[in-house]
Amino acid sequence: MSTLEPERGTGTGTLVEPTPQVSHGDGDHERFAHYVQKDKIMASALEGTPVVALCGKVWVPGRDPKKYPVCPMCKEIYESMGVGGDKDKSGKGGDKK
């Protein structure tokens, strides 16, 4: 989403693009494990690039997802997708970060 802010007297404007909010630390305010594509997690670990969870959260993973409950929104989206392939022992599929 961008905004157009006109300069006074010239009739032109400046396009301002918002900067995405990316979390880089363990201080996440919500403390959930999120579902993310496996290949994206590996790329993030190697390159330090942000990942996008099913719920839309964007961050650079850096904590153990097993210590946190699954994001309710990610879980709901994942279950509505009807994905069946990669199931672990608990019957849950996907990757949590």
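The values are calculated or read from the model by the stated rules, or taken from the named source; none is laboratory data. Just so you know, these numbers come straight off a predicted model, no measurement behind them. Neighbour counts run over all protein chains shown; Cβ positions are idealised from the backbone, glycine included. Calculation scope for accessible area: heavy atoms of the full protein, side chains included, ligands and nucleic acids excluded. Shrake-Rupley method; radii C 1.70, N 1.55, O 1.52, S 1.80 Å.
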Close pairs from segment 31-53: first within 19 Å of Ile77 (Cα to Cα), partner open to solvent by 80 Å² or more (accessible area, probe 1.4 Å) and in a helix (DSSP H, G or I), Cβ under 7 Å, at least 6 apart: Val51/Lys40
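Tell me yes or no: at least one residue of segment 22-34 is among the β-branched types (Val, Ile, Thr), loosely packed, with under 10 Cβ neighbours inside 10 Å and modelled with pLDDT under 90.
Taking segment 22-34 and keeping what is among the β-branched types (Val, Ile, Thr), we get 22.
In the following step, the residues that additionally are loosely packed, with under 10 Cβ neighbours inside 10 Å were identified as none.
There is no residue in segment 22-34 that is among the β-branched types (Val, Ile, Thr), loosely packed, with under 10 Cβ neighbours inside 10 Å and modelled with pLDDT under 90.
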If I ask for residues that are assigned to a helix (DSSP H, G or I) and under 11 Å from the mean Cα position of the chain (by Cα), which ones from segment 40-82 would you list? Lys40, Ile41, Cys74
Residue pairs, Cβ under 7 Å, 6 or more apart or interchain, first in segment 68-81 and over 16 Å from Gln37 (Cα atoms), second not aliphatic (A, V, I, L, M). List them. Tyr68/Arg31; Tyr68/Phe32; Pro69/Phe32
Restricting the search to segment 56-97, which residues are over 14 Å from Arg31 (Cα atoms), crowded, with 18+ Cβ neighbours inside 10 Å and either hydroxyl-bearing (Ser, Thr, Tyr) or at pLDDT 90 or above (or both)? Lys75, Tyr78
